[in-house]
Amino acid sequence: MSKYDLIATTAMGLEALAAKEVRDLGYECEVENGRITFKGDEAAIVRSNLWLRTADRIRIKVGEFKATSFDELFEKTKSLPWEKYMPENAEFPVSGKSVKSKLFSVSDCQAIVKKAIVERMRTKYHKTGWLEENGPLFKIEVALHKDVALLTIDASGSGLHKRGYRAGQGEAPLKETLAAALVMLTNWNPDKPFADPFCGSGTIPIEAALIGQNIAPGFNREFVSEGWSWIPEKVWEDARNEAEDLANYDQPLDITGADIDHRMVKIAEENAFEAGLGDLINFKQMQVRDFTTAKEYGVIVGNPPYGERLGEKAAVQRMYSEMGRALAPLDTWSIYILTSDEEFETHFGKKATKKRKLFNGFIRTDYYQYWGKRSPRNN
């Protein structure tokens, strides 16, 4: 087994959660803005793809260097060991980005990196003509930041938020990675009731169920690195067997999702069945103002409408007030609400115990946390 420099990219604000996940898999790591860096072998590439709930994708770092001219970018890219990763017929599209760098033309940087890799591969594989590029896929990215070029290969393919269960979705679906983070930032454990009164297509309840039964989020999907010959099939097989062994399918769960729109409830049910969790989650049509329960010490996680569109804000804020009144009696429940409305506490009628800044896509939001009374058992 070889050692690789690996990067788990994340949305801003989720780095600490992703780092904890990486450490839980047994790998030491460092936290940077938007990414976690760690070293690992082929099994680490496979296991991090299968298990990381809050990371966007797994990348393999091929090289990092200063580049202030196109010549420098070309020569330093060409000096990297691309043949260690890619066969001579590899398909390798190059994408790019540039921030605060002299080399600001992304299309030129992409073209130069592509040309440099082609030259390196031709020399190493003793080819004179074109490289066929009809083999396995290696998506390469050149990312320039303050004149430092980072060259990586994407080991995930589709983003890790694509768990493989989303049969349908609403207008503004919450990313599965963020939904998992919202659950992981609560005090919920599988023995407690869990409810999402704004479930939409069911993402938060489904992610809660996956966490509750310790099901690997990538268990039901494929990854681009499954097509790479240097990661043996046995490594994938062993990692999937490990995931199967660690899943606790017998763990009973009390998870409810509700939405005002009956069409979304139907989509949520379909998605839950697609995830293999259809019998575990109870979905129903309901307005948040009608939420009542006799259960104690539960957790509510909600991503309600934000009222971002013109004319919607007043109606949404009225709904926040109704929600505050409906949930006020639940003093043993902990309530967690994600919204971009900075006046949320005023309308909800209560100051949060704590709030945390998170980004829902490009929208800056706050995660308002209201901690309920602890149960006598301290669970």
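Worth pointing out:
- FRET efficiency estimate (nearest 0.05) - Cβ-Cβ, residue 148 to residue 279, R0 41 angstrom: 0.20
- Normalised contact order of the stretch 4-154, rounded percent, pairs of Cα under 8 Å and 6 or more residues apart: 25
- Gap separating the Cα centres of the stretch 114-134 and the stretch 147-208, nearest whole Å: 39
- Based on alpha carbons, the Rg and Dmax found for the chain are 23.3, 76 Å.
- Phi to ³J(HN,Hα) by Karplus 6.51 cos²θ - 1.76 cosθ + 1.60 over the stretch 106-123, Hz, x for Gly, Pro: 4, 5, 5, 4, 4, 5, 5, 4, 4, 4, 5, 5, 4, 4, 4, 5, 4, 5
- The residues of the stretch 1-159 have, on average, 45 Å² of accessible surface per residue, using a 1.4 Å probe with all protein chains present.
- Entries in 146/175; 351/373; 66/146; 3/84 that, when Cα-Cα distance is taken, lie over 19 Å: 146/175
- Karplus 3J(HN,Hα) series, Hz, for the stretch 74-90 with 6.51 cos²θ - 1.76 cosθ + 1.60 (x for Gly, Pro): 5, 5, 6, 5, 5, 7, 7, x, 4, 5, 5, 9, 10, x, 5, 9, 4
- Loop-located trypsin sites (Lys or Arg not before Pro) across the stretch 285-326 with a Cβ neighbour count of 12 or fewer within 10 Å are 309, with loop assigned by DSSP.
- Measuring with a 1.4 angstrom probe and ignoring ligands and nucleic acids, residue 211 comes out at about 40 Å² accessible.
- Nearest-ten-degree value, helix 203-212 long axis tilted from longest Cα axis of the chain: 80
- Exceeding the 24 Å Cα-Cα cut-off - candidates 97/357; 284/357; 39/139: 97/357; 284/357
- Ordering of 103-110, 202-209, 281-288 by packing is 202-209, 281-288, 103-110, highest average first (other Cβ atoms within 10 Å, averaged per residue).
- Put simply, when 19-25, 154-160 are sorted by average Cβ atoms within 10 angstrom per residue, most first, you get 154-160, 19-25.
- The spacing between the stretch 269-294 and the stretch 1-62, judged by their C-alpha centroids, is 32 Å.
- Angle between the chain longest axis and helix 262-274 axis [Cα atoms, degrees, rounded to 10]: 50
- Cα gyration tensor shape for the stretch 4-154, rounded if a/c is under 1.5, else prolate or oblate: oblate
- Anchor residue 350: aspartates and glutamates whose Cα lies under 16 Å away (excluding residues fewer than 8 positions away in-chain): 322, 331, 341, 342, 366
- Here's how it looks for residue 157: its modeled amide H is under 5 Å from those of 224, which are all 5 or more places away or on a different chain.
- Normalised contact order of the chain, rounded percent, pairs of Cα under 8 Å and 6 or more residues apart: 14
- Nearest-20 debye value, the stretch 189-321 charge dipole, Cβ charges on Lys, Arg, Asp, Glu: 860
- Residue-averaged 222 nm ellipticity for the chain, from DSSP H runs of 4+ at -39500 (n - 2.57), nearest 500: -9000 deg cm²/dmol
- A simple charge model with +1 on the Cβ of Lys and Arg, -1 on the Cβ of Asp and Glu and nothing else charged puts the dipole of the chain at about 1080 debye relative to its Cα centre.
- Using a probe of 1.4 Å on the protein chains alone, the accessible area found for residue 5 is around 60 Å².
- Ordering of 345-352, 247-254 by packing [mean C-beta count within 10 Å, highest first]: 345-352, 247-254
- Computed from phi, the 3J(HN,Hα) profile of the stretch 328-336 under the Karplus parametrisation 6.51, -1.76, 1.60 (θ = phi - 60°) reads 3, x, 7, 6, 8, 8, 9, 10, 10 Hz, with x in place of Gly and Pro.
The values are calculated or read from the model by the stated rules, or taken from the named source; none is laboratory data. Remember, predicted model here, so these are calculated numbers, not experimental data. Virtual Cβ from ideal backbone geometry, glycine too; neighbours counted across all protein chains shown. We work out accessible area using only protein heavy atoms, side chains counted, and drop any ligands, DNA or RNA first. Shrake-Rupley method; radii C 1.70, N 1.55, O 1.52, S 1.80 Å.
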